[in-house]
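K.L.:
One structure follows; several queries about it will come next.
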Amino acid sequence: MLLGNVDSLPGAIVVNKGAVGFYQIDDRTHVGQISGAGLLIKYGPGELTLSGSNTHTSGTAFGGPRRIGSDAALGAAGSPVLLAGGELRIGNDLTLSRPVLFEGDANTLHTGAFDLHLAVAAGGGGVIRRGAGTLHLNGGQTHAGPTVIAGGGLKFSGTLHGSLTLGAASTLHVSVDAGGHADRIDVTGAGSSVTLDGGRLAVFASDGDYAARTSYTILTAPSVTGSFAEVTTDLALLTPAVGIDTDRVMLVLTRNDVQFADFAAASDQRGAGHAVDALLQRGGDDAAAIANAFNTLSVREVGHGIGSGYQIEPYAGLAWIGQQQDAFTETGAGALNLSVARQQFDSVRSTLGVRTRFASGGNGSGTDFTLYAAWAHEWASQGTLSSRLAGDVVGAPFQVRGAAASRNSAQVGLGLAQRIRDDLQLFVDLDGEFSRDQQSVGFSAGVNLRW
């Protein structure tokens with residue numbers, strides 16, 4: 001066995017037989033690759049940081065603290081890592097695809113603020129998890145000792161042996177769906193148990209059609225004690241609750257009394273929200289489908305433009321546009337289809353501007369250049385759509401307002417025309433209209449023939 005420390009074992013190290021051992025009193029970093037068929041051992045109270053991409057094939061064993069920045073620092077792919085009173089520290093999000101073995105119960109995974117993914121945890125010992133990040137156990141967990149989540153998150157669905165303790169600073173992440181499926185941890189073995197020391201349960205729900213009440217089993221063990229201090233969910237319309245029995249922990253999601261109108265930021269959204277709430281109260285509790293329809297419900301009016309001519313003079317204009325819209329009903333959303341009555345929309349718009357034409361040539365041919373600028377103002381009030389939900393035949397209509405159009409805008413444009421003869425010309429025009437929140441630019445080209 002080759003024994004030393006960072007100072008006596010610098011640079012690249014080839015271990016063809018036996019092992020190389022680092023005994024560190026203080027915190028140090030080894031720079032250089034460790035290769036060969038041998039074993040890497042670290043012990044002592046000091047932290048050893050391995051910065052190289054190492055390829056030794058017999059694995060890595062250590063006690064005391066050790067810091068890594070990549071899976072490759074631990075040796076050849078697939079080679080095991082043994083913690084025997086060791087503390088593995090990481091400085092970035094990390095996935096370990098190799099087996100991690102625990103011997104004894106004084107082993108620590110310290111992730112800081114980062115996430116750690118473990119593919120396989122095995123051995124006869126246990127582990128304490130510290131730090132603010134999340135530990136993801138990916139299914140292959142066979143270690144027999146206790147698992148203690150002192151802080152940070154735990155994301156796991158599968159079987160653990162020994163015991164599981166969720167500390168006061170811990171968060172158990174549970175994913176659920178509308179079909180009643182959820183992440184579930186089963187703690188098995190003689191004398192196994194689950195202890196809840198007042199941490200947090202965070203529920204993450206996938207999209208789906210959730211019933212008014214859905215129950216899930218999320219933890220089982222021969223003995224379950226304690227409770228969660230906080231339960232949260234990302235479903236605004238469903239309230240989570242936890243039931244704890246002597247051998248299991250149940251999660252229940254129940255439709256709460258939050259109204260859809262409570263989420264509204266504008267009058268049209270509040271109107272639609274009240275209509276959805278009224279429909280819910282008269283029957284149907286498909287909260288997910290209604291929430292999706294409410295989130296996507298929107299009615300937008302199609303804007304209009306005013307054309308302009310070309311003269312060498314100041315000009316003013318006033319235009320009235322009346323539009324009638326037939327009644328219509330959306331399809332594809334069942335009771336949540338939007339039903340809009342027949343209605344009338346009006347626009348009264350004034351224009352004040354100046355246009356200048358520059359002409360050259362004569363005798364029926366030549367080039368004309370036109371430039372104009374104008375101020376346009378909309379005088380009519382913006383209309384609203386009187387609407388209701390198709391499934392709410394007794395409910396009062398609500399008003400839906402389209403995207404607000406700016407009342408004032410600037411119109412600019414230029415044109416170039418080539419007169420071939422008195423009755424024939426080629427032209428190119430560029431027109432633009434600009435307001436505080438809307439801009440449009442149009443281009444046209446063609447042939448004018450008069451007879």
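K.L.:
Determine, for each peptide in 213-219, 314-320, the mean count of other beta carbons within 10 angstrom over its residues, then list the peptides with the highest first.
P.N.:
Highest to lowest by the protection proxy: 213-219, 314-320.
K.L.:
Between Ala168 and Ala144, what is the label-point separation in nm under the 7 Å Cα-to-beta-carbon projection?
P.N.:
3.3 nm
K.L.:
Let me cross-check Ser409: its accessible surface, 1.4 Å probe, with only protein heavy atoms counted, in Å² to the nearest 10?
P.N.:
We get 10 Å² for Ser409.
K.L.:
Still on this model: For a Förster distance of 60 Å, can you work out the FRET efficiency between the beta-carbons of Ile321 and Ala241, rounded to the nearest 0.05?
P.N.:
0.60
K.L.:
Right, next: In the full protein assembly as shown, how much of Phe434 is accessible to a 1.4 Å probe, in Å² to the nearest 10?
P.N.:
Probe radius 1.4 Å; accessible area of Phe434 about 90 Å².
K.L.:
Quick one: with all protein chains in place, what share of the accessible area of segment 1-154 is carbon or sulfur, to the nearest percent (1.4 Å probe)? Before the final figure, lay out the partial values.
P.N.:
On the way: 3350 of 5780 Å².
Within segment 1-154, the accessible surface is 58 percent carbon and sulfur.
K.L.:
Let me ask something else about it. Over all pairs of distinct alpha carbons, what does the Kirkwood formula give as the hydrodynamic radius of segment 105-213, in Å?
P.N.:
Values: mean 1/r = 0.0695 Å⁻¹.
Here the Kirkwood hydrodynamic radius works out to 14.4 Å.
K.L.:
Take Glu330, Glu47 and sort them by solvent-accessible surface of the protein heavy atoms, 1.4 Å probe, largest at the top.
P.N.:
Glu330, Glu47
K.L.:
Working with all protein chains in place, sort Met1, Met250 by solvent-accessible area computed with a 1.4 Å probe, largest first. Write out the running numbers ahead of the final one.
P.N.:
Numbers: Met1 145, Met250 55 Å².
Correct descending sequence by accessible area is Met1, Met250.
K.L.:
Provide the per-residue ³J(HN,Hα) series for segment 200-211, in order, calculated from phi with Karplus coefficients 6.51, -1.76, 1.60 and θ = phi - 60°, each as a whole number of Hz, with x at glycine and proline positions.
P.N.:
With coefficients 6.51, -1.76 and 1.60, one gets 10, 10, 10, 9, 10, 9, 7, 5, x, 9, 7, 6 Hz.
K.L.:
Something else now. Explain nothing, just the number: dipole magnitude of segment 137-235 about its Cα centre with +1 on each Lys and Arg Cβ and -1 on each Asp and Glu Cβ, in debye rounded to the nearest 20. List each step's numbers first, then the result.
P.N.:
On the way: 4 positive and 8 negative charges, 49 e Å.
In total the dipole reaches around 240 debye.
K.L.:
May I have the extent of the alpha carbons of segment 141-192 along their three principal axes, as whole Å values ordered from largest to smallest?
P.N.:
Cα spread of segment 141-192 along its principal axes, largest to smallest: 34, 25, 16 Å.
K.L.:
Provide Val81, Val148 ordered by accessible surface of protein heavy atoms (probe 1.4 Å), highest first.
P.N.:
Val148, Val81
K.L.:
Now a separate question. For Asp437 and Asp105, compute 0.36 nm times the residue count separating them, minus their Cα-Cα distance, and round to one decimal in nm.
P.N.:
Full extension from Asp437 to Asp105 adds 113.2 nm.
K.L.:
I'd like the accessible area for Val447: 1.4 Å probe, protein heavy atoms, all chains in place, Å² to the nearest 10.
P.N.:
Using a 1.4 Å probe on the heavy atoms, I get roughly 90 Å².
K.L.:
Step through the residues of segment 5-15 one at a time and calculate ³J(HN,Hα) from phi using the Karplus curve (6.51 cos²θ - 1.76 cosθ + 1.60, θ = phi - 60°), rounding each to whole Hz and writing x for Gly and Pro.
P.N.:
3J(HN,Hα) across segment 5-15, in whole Hz: 9, 4, 5, 8, 10, x, x, 6, 10, 10, 10.
K.L.:
Related question: How large, in Å, is segment 321-380 by the Kirkwood hydrodynamic radius built from its alpha-carbon pairs?
P.N.:
Working: mean 1/r = 0.0604 Å⁻¹.
For segment 321-380, the Kirkwood estimate is 16.6 Å.
The values are calculated or read from the model by the stated rules, or taken from the named source; none is laboratory data. Because the structure is predicted, anything quoted here is derived from the model rather than measured. Note that we place each Cβ from the backbone using ideal geometry, even for glycine, and neighbour counts take in every protein chain shown. Keep in mind that these areas ignore ligands, DNA and RNA; they rest on the heavy atoms of the full protein, side chains included. Shrake-Rupley method; radii C 1.70, N 1.55, O 1.52, S 1.80 Å.
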